[in-house]
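Report on one structure; see the data block that follows.
The values are calculated or read from the model by the stated rules, or taken from the named source; none is laboratory data. Here the structure is a predicted model, which means the values were calculated and not measured. No Cβ is skipped: glycine too gets one built from the backbone with ideal geometry, and neighbour counts run over all protein chains shown. In case anyone asks, the SASA skips ligands and DNA or RNA and just uses the protein heavy atoms, side chains included. Shrake-Rupley method; radii C 1.70, N 1.55, O 1.52, S 1.80 Å.
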Amino acid sequence: MIPALWISKTGLDSQQTNISVTSNNLANASTVGYKKSRAVFQDLLYQKINQPGGRSNANNNLPEGLMLGAGSKVVATQKNFKQGEVVTTDNTFDIMIQGRGFFEIEMPDGSTAYTRNGQFTKNEEGTLVTPDGLPLLPQIQVPENATGITIAQDGTVSVQIAGDPQSQDLGQITITDFINPSGLEPIGQNLYLETGASGAPLQGIGGQDGMGVVRQGMLESSNVQVTEELVDLIQAQRVYEMNSKVLTTVDEMMGSLISSV
């Protein structure tokens, strides 16, 4: 079997994955807090015909070797945690992190997930939750008779109660960061899970120890740049077409060999 067939096949498979990653970025161009991904490629093992530096004769060494590659593969999808654009909403419970960090979310099984999406609202008990009803950690419960709520840049939540001139503190929204955010596992719903590659979660207060600050009445938009993704999509399409052309060329070569037998 001609090796070029299998080499071009790996190229086609790699570009299919690349196109899937790009299309997912485009699909989430309007998703709050979404971080774009990119496919990371790697070449496959090489067949060594002549080793570089090997003997060509008794007195000379080969300056270069003869090594045939076996194609390419996608080894990772890398997240880009560059800050998205700021969108002002003036919604009391819309908050964003300007800088590094994540909000902590309690999952139904009691475990903790992390998100950059600050679209929170109140449930029937007054607890701040995500659009899917998952509570923010630490839990913040807003009283029924609250007439106003203020979230400071360090995450301190205070409310004004009807008939009380003094504001009351309800708690503090903590910020969690990771040594390697790209190692987090995305699970959908704008949520990430801790992994061995991300490192242990580091909790802090907004604006301290390198943590981002909390902004009320604002949201972080997706960091997907549509024009960049379209350029990447065109490039991936062209590479796919070139690998397809290799398959066609090899098929014609094999057809010529068979017809000459």
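Being over 15 Å from the mean Cα position of the chain (by Cα), at pLDDT 95 or above and either more than 19 Å from residue 22 (Cα to Cα) or open to solvent by 70 Å² or more (accessible area, probe 1.4 Å) (or both) is the requirement here; does residue 231 meet it? Considered against the rule, which asks whether it is over 15 Å from the mean Cα position of the chain (by Cα), at pLDDT 95 or above and either more than 19 Å from residue 22 (Cα to Cα) or open to solvent by 70 Å² or more (accessible area, probe 1.4 Å) (or both), residue 231 comes out as yes.
Within the stretch 2-48, the residues that satisfy the criterion of being over 30 Å from residue 118 (Cβ atoms), open to solvent by 80 Å² or more (accessible area, probe 1.4 Å) and not hydroxyl-bearing (Ser, Thr, Tyr) are 3, 6, 9, 16, 41, 42, 43, 45, 47, 48. Every test in (1) part of a strand (DSSP E or B); (2) in contact (Cβ under 8 Å) with a residue 60 or more places away in the chain is passed by residue 100 save one, and that test is (1). When each of 53, 69 is tested for being surrounded by fewer than 15 Cβ atoms within 10 Å (Cβ to Cβ), at pLDDT below 95 and on the phi > 0 side of the Ramachandran plot, the lone residue that passes is 53.
Conditions tested, residue by residue: (1) among the aliphatic types (A, V, I, L, M); (2) part of a loop (DSSP other than H, G, I, E, B); (3) farther than 23 Å from residue 226 by Cβ.
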{"position": "9", "(1), (2), (3)": "no, no, yes"}
{"position": "15", "(1), (2), (3)": "no, no, no"}
{"position": "21", "(1), (2), (3)": "yes, no, no"}
{"position": "39", "(1), (2), (3)": "yes, no, no"}
{"position": "59", "(1), (2), (3)": "no, yes, yes"}
{"position": "63", "(1), (2), (3)": "no, yes, yes"}
{"position": "67", "(1), (2), (3)": "yes, no, yes"}
{"position": "78", "(1), (2), (3)": "no, no, no"}
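Annotation: residue 83 fulfils all but one of (1) more than 30 Å from residue 177 (Cβ to Cβ); (2) modelled with pLDDT of 95 or more; (3) among the polar types (S, T, N, Q); the unmet one is (1). Entry remark, the stretch 175-199: residues being among the aliphatic types (A, V, I, L, M) and surrounded by 15 or more Cβ atoms within 10 Å (Cβ to Cβ) number 3 in total.
Among all positions in the stretch 187-195, there is at least one residue which is modelled with pLDDT of 95 or more, touching a helix residue (DSSP H, G or I) at 6+ places or on another chain (Cβ under 6 Å) and more than 21 Å from residue 94 (Cβ to Cβ). For the stretch 82-97, residues that are free of Cβ contacts under 8 Å to residues at least 60 places away in the same chain and assigned to a strand (DSSP E or B) total 0. Each residue in the stretch 147-174 was checked for being surrounded by fewer than 18 Cβ atoms within 10 Å (Cβ to Cβ) and among the aliphatic types (A, V, I, L, M), and 3 pass. Cβ-Cβ contacts under 8 Å between residues 6 or more apart (or on different chains), taken from a first residue in the stretch 245-260 that is under 18 Å from residue 11 (Cβ atoms) to a second residue that is surrounded by 12 or more Cβ atoms within 10 Å (Cβ to Cβ) and of a type in the set (S, T, N, Q), are listed as 246/8; 247/8; 250/8. Taking the stretch 13-43 as the range and being of a type in the set (Ser, Thr, Tyr) and in contact (Cβ under 8 Å) with a residue 24 or more places away in the chain as the test, the residues that pass are 14, 17, 22, 23, 30, 31, 34, 37. The residues listed here are 133, 155; of these, the one that is of a type in the set (Gly, Ala, Ser) and within 25 Å of residue 98 (Cβ to Cβ) is 155.
For residue 118, state whether it is closer than 23 Å to residue 37 by Cα, free of Cβ contacts under 8 Å to residues at least 12 places away in the same chain and either open to solvent by less than 50 Å² (accessible area, probe 1.4 Å) or of a type in the set (A, V, I, L, M, F, W, C) (or both). In short, no.
Is it fair to say residue 151 is touching a residue at least 24 places away in the same chain (Cβ under 8 Å) and either of a type outside the set (Asp, Glu) or within 29 Å of residue 24 (Cα to Cα) (or both)? Judged against the criteria, residue 151 is a match.
If the condition is being assigned to a loop (DSSP other than H, G, I, E, B) and either out of contact with any Lys or Arg (no Cβ under 8 Å at 6 or more places or on another chain) or at pLDDT 95 or above (or both), then the stretch 196-210 contributes 196, 197, 198, 199, 200, 201, 205, 206, 207, 208, 209.
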